[in-house]
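Structure in structure tokens, see below.
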């Protein structure tokens, strides 16, 4: 029974870690994320009547977000195989696994904070009316949170 639980735990760990790290992988069916993000920003800015100057400035900031995200993914290349390899050892290196999780969590938290700061910067480039229109569009598409 103990070996069966160990096997289940190992399989679950492999699936969870692989799935999380695979999020950085570009699957052909999903296309170019940077292009899709740019198209989404452009379409949203067009809907709210952003000026060419606003679009250019916001495009520069959104490019920074994309580049930063791509760097985070690049930093994770090969990590999935290392984690899976470690988990499948007779005696996984628990300390290395925990340290790796901590490092990735710290990196992702940093990315999230930088992204929030950039989104605040983008918000400041918009007029109150434009922000209101974006909010209406968001609420319409995603429902307002209650």
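Every number in this text was worked out from the coordinates using simple rules, so none of it is lab data. Note that this is a predicted model, so its numbers are computed, not measured. In this analysis, Cβ positions are derived from the backbone assuming ideal geometry, glycine residues included, and neighbour counts consider all displayed protein chains.
Treat each spin label as a single point 7 Å out from the Cα along the C-beta direction, and report the residue 106 to residue 75 distance in nm.
1.0
Simple spin-label model, 7 Å along Cα-to-Cβ: residue 36 to residue 124 in nm?
3.1
Sticking with this structure for a sec: In nm, what is the difference between 0.36 nm times the number of residues separating residue 43 and residue 89 and their Cα-Cα distance?
Working: separation 46, 0.36 × 46 = 16.56 nm, distance 4.91 nm.
The span from residue 43 to residue 89 would gain 11.7 nm if fully extended.
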